[in-house]
1. For the stretch 219-230: of the residues being within 14 Å of L85 (Cα to Cα) and in contact with a helix residue (DSSP H, G or I) (Cβ under 8 Å, 6 or more places away or on another chain), which is surrounded by the most Cβ atoms within 10 Å (Cβ to Cβ)?
2. Considering each of W176, W215, W230 in turn, give the residue that is in contact (Cβ under 8 Å) with a residue 40 or more places away in the chain and in contact with a Leu (Cβ under 6 Å, 6 or more places away or on another chain).
3. Looking at the stretch 36-73, which of the residues that are surrounded by 15 or more Cβ atoms within 10 Å (Cβ to Cβ) and closer than 30 Å to V175 by Cα is modelled with the highest pLDDT?
4. Got a sec? Which strands (runs of 3 or more DSSP E) wholly within the stretch 123-216 have at least 2 residues that are modelled with pLDDT of 90 or more and surrounded by fewer than 13 Cβ atoms within 10 Å (Cβ to Cβ)?
5. Residues in the stretch 234-256: is at least one buried (at least 20 other Cβ atoms within 10 Å of the Cβ) and among the aromatic types (F, W, Y)?
Amino acid sequence: MSALPKPDGWKNRYLLMALSGALTGALFAYFAYKTVRALGETHWLAGVIALCDAVAFGIVTGGLIVLQGGATKLRGRYDETGTTLDAVPAQPWAVVMCVTLALGSGLYLMFGSQVHDDLPTASSRAAGRLIVMVVISIIGAVMIMRNIIKGRPTLILAPEGIAYSFPGDRTFTIVWDDIVDITSAPLTGRGKGWRPIVFECGDGTCQAIASASTWVPGGTRLYWLCRFYWQRPADRGELGTGVALERLAFERIPVA
């Protein structure tokens with residue numbers, strides 16, 4: 001957790017995240033137990049189905065822990081052009097989650113009658129939900145793969161401005177001097193992203209980094225770093241010397 005103050009527009013969702021993590025963690029433990037038991041009795045089909053579900057729920061649980069606790073490392077580098085931050089490598093894990101969900105659900109739909117001794121029997125309504133899950137998982141995997149093929153997400157903080165690219169979300173470039181304010185309020189009343197950083201420009205337009213925690217653990221340090229260099233033009237040269245990364249790593253960022 002960061003010692004810097006949380007931006008005003010960011011909602012505390014600790015209880016929701018904790019409950020979600022507890023639920024998916026329980027499902028992970030359940031299917032992991034079923035996997036070990038089925039494989040121990042050489043029930044290979046049931047073991048594979050349970051393993052797929054255990055992997056999927058394990059990824060979701062791990063993702064929630066990372067998102068809530070900022071349990072990631074800072075990924076960044078610099079050169080004379082500026083400081084480049086790399087996103088948390090979540091997309092490959094999301095593909096694995098979608099594939100395992102689709103595979104496990106598909107196998108259960110086709111061979112469910114053969115694994116009733118190891119796994120619960122699905123009702124007709126549950127079978128319909130599994131079909132929907134298979135379709136959604138396949139579509140999700142394809143869409144995420146398309147985004148991966150388009151290129152890696154990048155965020156560059158340069159002395160001249162900010163360059164943001166996230167395939168599947170948005171791409172924009174802003175000059176520091178065109179920014180009139182940096183806020184943390186979501187772009188819409190229903191919210192736009194997890195912990196957003198919103199750049200209000202002089203021409204009346206707004207651009208946003210949808211999730212600051214994607215780039216810096218917790219996201220708080222990135223928000224205040226952006227505000228710091230926006231307000232301090234004389235210090236923007238630090239973005240090309242490595243000082244900005246040191247500020248992020250050690251939280252040496254004035255709050256204003």
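The values are calculated or read from the model by the stated rules, or taken from the named source; none is laboratory data. The model shown is predicted, which means the values in this text are computed figures rather than measured ones. When we count neighbours, we look across all protein chains shown, and the Cβ atoms used for this are built from the backbone with ideal geometry, even at glycine.
1. Per the criteria, the residue is Y223.
2. W215
3. If we take residues in the stretch 36-73 being surrounded by 15 or more Cβ atoms within 10 Å (Cβ to Cβ) and closer than 30 Å to V175 by Cα, then L67 is modelled with the highest pLDDT.
4. On the way: elements: 154-157, 161-166, 170-175, 179-183, 197-201, 206-209.
Counting at least 2 such residues, we get 179-183.
5. So far as the stretch 234-256 goes, no, none of its residues is buried (at least 20 other Cβ atoms within 10 Å of the Cβ) and among the aromatic types (F, W, Y).
For (1) hydroxyl-bearing (S, T, Y); (2) over 30 Å from P167 (Cβ atoms); (3) in contact with a Lys or Arg (Cβ under 9 Å, 6 or more places away or on another chain), each residue gets a yes or a no:
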site: G9; (1), (2), (3): no, no, yes
site: F28; (1), (2), (3): no, no, no
site: E41; (1), (2), (3): no, yes, no
site: L85; (1), (2), (3): no, no, yes
